[in-house]
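Notes for the one structure printed next.
The values are calculated or read from the model by the stated rules, or taken from the named source; none is laboratory data. Being a predicted model, the structure only gives us computed values, none of them experimental. As a convention, Cβ positions derive from the backbone with ideal geometry for all residues, glycine included, and neighbour counts pool all protein chains shown. Side chains included, ligands, DNA and RNA excluded: accessible areas come from the protein's heavy atoms. Shrake-Rupley method; radii C 1.70, N 1.55, O 1.52, S 1.80 Å.
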Amino acid sequence: MTFRAYKLYRYRIPVDSQLVLRNHFLKVREGLIININCGDKQGFGEIAPLLEFSRESLEQAQSQTQDWLIRWNQARINNQKLSMDGLYPSVAFGLSCALAELVDKLQPEGNYQVAPLCYGDPDELFAKLDNIQGEKIAKIKVGLYEANRDGMVVNMFLEAIPDLQLRLDANRAWTLAKAQLFAKYIAPEFRSRIQFIEEPCRTPAASLEFAKMTGINIAWDESLRDLDFNLQAQPYLKAIVIKPTLIGSIEKCLKFIHHAQSLDLRTVISSSIESSLGLTQLARLSAQYCPKTTAGLDTLNLMAYQLLRPWQGSELPLLSLENTEFVELVAQQEWAN
């Protein structure tokens, strides 16, 4: 007889009130934690649709998770494997992490050396860079302010720190004209130290034209989630940025990683503002499949607490799943077959 069970928790963690997701201030990060038990083994996963970016709501994700787990148990009884095709991306990713832990397919060691993230305060980034050992890579969000202001800030950093390399993320905020205005303020001799800008323009075609006109490298992020997208080598395309919560299962992410590697493109595993549980799993994925690339996971300090598993070096308080102020058990089920 095999014992199987799951518990599903919902968390609500306060975040930095200055965090803007497109046109929305995010004050609380909500998500689900799934714990699957099979015999004497267990695995955890985080299912956390991101406001303004995920197409599914948290309620839809919870309903689909519970339905899939019932069908998963029935498939196990019949010695079958249940596909994750058709699941919401956040659901597929969280479930695939839990099942990977269940069968020891997710390596325990993680890559905790991340590119520090700047949301607008240059002094904060200077302080973070002082603590970096080795290659200095940082990430700056652009497109939240005027393009000329973004260009001046980026140029200031590159001029002030000669060994700094930057990753920029525009989230498709600019028209081609505004992207060109941004580039106007970047000295030509500094442009090669911009590793890439994620999706500078509103369309991939405009982003490629921007790169051709300015010599500034780009990366695909949102485009990976377009249904008709075909990843191929392009001039000035240097990387893809994978946010598994928005992409899907580990298996789906691996298809992108292997394809990108075949095209000699850098692959960056990046956060969708998950809790410390999800971030540690992303760090493990990065170490396992993209070991030579610094991950984009510097989002934990946007939150007031860690959850279940600590991030290496973080001093934030750690919540357990029994903390009823921030965590609620919303579903559970046991099977003995």
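If you line up the long axis of helix 204-214 against the longest principal axis of the chain, both from Cα atoms, how many degrees apart are they, to the nearest 10?
30
Using a 10 angstrom cutoff on alpha carbons, build the Gaussian network for the chain and name the most mobile of THR299, THR214, THR245.
With Cα springs under 10 Å in the chain, the top fluctuation among THR299, THR214, THR245 is at THR214.
Summing Lys, Arg as +1 and Asp, Glu as -1, what charge do residues with Cβ under 14 Å from the Cβ of MET303 carry, MET303 excluded?
Values: positive: ARG12, LYS27, ARG29, ARG309; negative: ASP16, GLU30, GLU46, GLU274, ASP298, GLU315.
Every neighbour counted, the sum reads -2.
Could you state the angle between the C-alpha long axis of helix 58-77 and the longest principal axis of the C-alpha atoms of the chain, as a value from 0 to 90 degrees rounded to the nearest 10?
Between helix and principal axis, roughly 50 degrees.
Could you order the peptides 280-293, 305-318 from most to least packed, using the average number of other C-beta atoms within 10 Å per residue?
Details: 280-293: 19.8, 305-318: 16.0.
Ranked by mean Cβ neighbours within 10 Å, highest first: 280-293, 305-318.
State the answer as a single residue: which of ILE70, ALA331, ALA115 lies farthest towards the positive end of the charge dipole of the chain, with beta carbon charges of +1 for Lys and Arg and -1 for Asp and Glu, about the Cα centre.
Checking the options against the dipole of the chain, the answer is ILE70.
Find out how many positive minus negative residues lie around GLU46, taking Lys and Arg as positive, Asp and Glu as negative, among other residues whose Cβ is under 12 Å from that of GLU46. Can you show the working numbers first?
Details: positive: ARG10, ARG29, ARG309; negative: GLU30, GLU101, GLU274.
Cβ neighbours under 12 Å give a net charge of 0.
Could you pull the accessible area for ASP150 with a 1.4 Å probe, rounded to 10 Å²?
Per-residue accessible area (ASP150): approximately 0 Å².
To the nearest 20 debye, what charge dipole does the chain have about its Cα centre, counting +1 at the Cβ of each Lys and Arg and -1 at the Cβ of each Asp and Glu? Mind dumping the intermediate values first?
Working: 35 positive and 39 negative charges, 137 e Å.
Its charge dipole is roughly 660 debye.
Once amide H atoms are placed 1.01 Å from N in the peptide plane, what residues at a sequence separation of 5 or more from GLN306, or on another chain, have their amide H within under 5 Å of its amide H?
The list, which skips near neighbours in sequence, is LEU318, LEU319.
Which Cα, out of LEU265, LEU246, LEU308, lies furthest along the positive dipole direction of the range 243-322 (beta carbon charges, K/R +1, D/E -1)?
LEU265
What dipole magnitude, in Debye to the nearest 20, does the range 122-178 give about its Cα centre under +1 on Lys/Arg Cβ and -1 on Asp/Glu Cβ? Numbers along the way, then the final one.
Values: 8 positive and 9 negative charges, 64 e Å.
Using only the charged Cβ atoms, the result is roughly 300 debye.
To check you understand DSSP bridge types, tell me what percent of the beta bridges within the chain (both residues inside) are antiparallel, rounded to 5.
Numbers: 31 of 57 bridges.
Roughly 55 percent of the beta bridges in the chain run antiparallel, per DSSP.
Nothing charged except the Cβ atoms of Lys and Arg (+1) and of Asp and Glu (-1): what's the magnitude of the dipole of the range 212-285 about its Cα centre? Round to the nearest 20 debye. It would help to have the intermediate numbers written out before the result.
Details: 8 positive and 7 negative charges, 35 e Å.
About 160 debye.
Kindly report, to the nearest 10 Å², the accessible surface of HIS258 as traced by a 1.4 Å probe over protein heavy atoms only.
Solvent-accessible area, nearest 10 Å²: 100 Å².
Which of the peptides 151-159, 192-200, 229-237 is most tightly packed, and how do the rest follow, judged by the mean count of other Cβ atoms within 10 Å per residue? Kindly include the intermediate steps, with their values, before the conclusion.
Working: 151-159: 16.9, 192-200: 23.4, 229-237: 12.9.
Most protected by this proxy first, the peptides run 192-200, 151-159, 229-237.
Computed from the coordinates I sent, log10 I(q)/I(0) by the Debye sum over Cα atoms at q = 0.09, 0.12, 0.13 Å⁻¹ equals one of (1) -0.67, -0.95, -1.02; (2) -0.57, -0.96, -1.08; (3) -0.49, -0.85, -0.99. Tell me the label.
(3)
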